[in-house]
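A quick write-up on the structure given underneath.
The values are calculated or read from the model by the stated rules, or taken from the named source; none is laboratory data. Small disclaimer: the values here were computed from a predicted structure and weren't measured. Counting neighbours? That spans all protein chains shown, and the Cβs are built from the backbone with ideal geometry, glycine included. Only protein heavy atoms, including side chains, enter the accessible area calculation; ligands, DNA and RNA are left aside. Shrake-Rupley method; radii C 1.70, N 1.55, O 1.52, S 1.80 Å.
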Amino acid sequence: MKTKIFIILTSIIMASCGSMRPHNASNYQQDLITPEETNNFVLTESSIFDEPMLGIALKYDNKQYPTDIINVYVYPIDSISWEDTEEIISVEMKDILTEIDLAIEQGHYKSRSKETLENFSFKAGEKSYTGKKSSFTFTSMNDTEYFSNSYVFIEKDKYIKFRTSFDSRATVKWNGDTAVKEILPGITVPDESEYMKSLRAEHQREITQNLMKLLLQTSKDSQSGAE
């Protein structure tokens with residue numbers, strides 16, 4: 001968690017030095033590949049955030065059911081290491097659910113049910129995809145119930161998050177599995193940006209400096225004890 005807070009705070013400080021998106025952040029417009037259309041879904045909106053840690057948001061429409069809400073987010077992992085993908089994805093899913101609860105506290109939604117968490121894996125062509133899925137219902141401020149899911153995957157140094165919601169008045173109980181399986185295989189994310197490399201390197205330097213200070217203090221304490 002300390003790593004995550006440092007990365008985010010450093011990003012905000014660096015981004016605040018200018019009003020525009022940093023030039024060395026990921027160029028999603030040029031380097032992100034996304035499917036314009038699949039069997040059931042069509043890309044209708046995309047928004048690149050000035051804050052690099054927020055990445056890009058994509059909106060897909062269901063060709064047959066226009067009330068379905070299919071949102072996809074691509075954004076950098078807020079850590080210097082993500083070899084343990086199981087742990088990293090689990091922490092991110094917890095944060096996603098916390099964000100939803102915060103939206104409820106702020107009056108954007110009325111309430112949500114207890115989530116069900118599970119691993120989510122599938123294969124498309126020769127590639128396998130493994131992530132996490134949470135399922136729950138939430139109630140809007142006008143008392144409409146939605147069947148909702150969140151999915152998180154890792155590709156290169158970035159998260160790919162799906163948020164899907166379905167109006168219970170317009171559909172039977174449904175989930176976003178079909179959307180994920182159709183859209184995700186068509187997504188290719190940019191490589192790690194120079195911006196994120198510098199943030200992660202800065203945090204690595206801080207970790208090394210703190211470790212050296214700790215070792216030096218331990219050595220001094222040992223010498224004092226020997227006297």
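May I ask you to list the residues in region 63-110 that are assigned to a loop (DSSP other than H, G, I, E, B) and over 15 Å from residue 146 (Cβ atoms)? Scanning region 63-110 gives 63, 64, 77, 78, 79, 80, 81, 82, 83, 84, 106, 107.
Among the residues of region 188-197, is any of a type in the set (Lys, Arg) and at pLDDT 90 or above? Checking region 188-197: at least one residue is of a type in the set (Lys, Arg) and at pLDDT 90 or above. On the stretch given as region 24-64, residues that are in contact with an Asp or Glu (Cβ under 9 Å, 6 or more places away or on another chain) and of a type outside the set (D, E, K, R) total 16. For region 51-62, residues that are assigned to a strand (DSSP E or B) and either of a type outside the set (Lys, Arg) or touching a helix residue (DSSP H, G or I) at 6+ places or on another chain (Cβ under 9 Å) (or both) total 6. Scanning region 18-33 for residues that are surrounded by fewer than 18 Cβ atoms within 10 Å (Cβ to Cβ) and touching a strand residue (DSSP E or B) at 6+ places or on another chain (Cβ under 6 Å) turns up just one, 33.
Scanning region 178-202 for residues that are aliphatic (A, V, I, L, M) and in a helix (DSSP H, G or I), which turns out most open to solvent (accessible area, probe 1.4 Å)?
Checked region 178-202; the qualifying residue most open to solvent (accessible area, probe 1.4 Å) is 201.
Only residues that are open to solvent by 50 Å² or more (accessible area, probe 1.4 Å) and under 20 Å from residue 204 (Cα atoms) were counted across region 82-112, and they come to 5.
Please enumerate the residues belonging to region 116-141 that are over 18 Å from residue 179 (Cβ atoms) and acidic (Asp, Glu). Answer for region 116-141, where residues must be over 18 Å from residue 179 (Cβ atoms) and acidic (Asp, Glu): just 126.
The residue of region 67-81 that is most open to solvent (accessible area, probe 1.4 Å), among those that are in contact with a strand residue (DSSP E or B) (Cβ under 9 Å, 6 or more places away or on another chain) and hydrophobic (A, V, I, L, M, F, W, C), is 69.
Within region 34-49, the residues that satisfy the criterion of being open to solvent by 50 Å² or more (accessible area, probe 1.4 Å) and either at pLDDT below 95 or not in a loop (DSSP other than H, G, I, E, B) (or both) are 37, 44, 45, 46, 47, 48.
Any residue in region 153-177 that's open to solvent by less than 50 Å² (accessible area, probe 1.4 Å): show its pairings with residues that are of a type in the set (D, E, K, R) and assigned to a strand (DSSP E or B) at Cβ separation under 6 Å, as long as the two are six or more apart or on different chains. These pairs meet every condition: 168/145.
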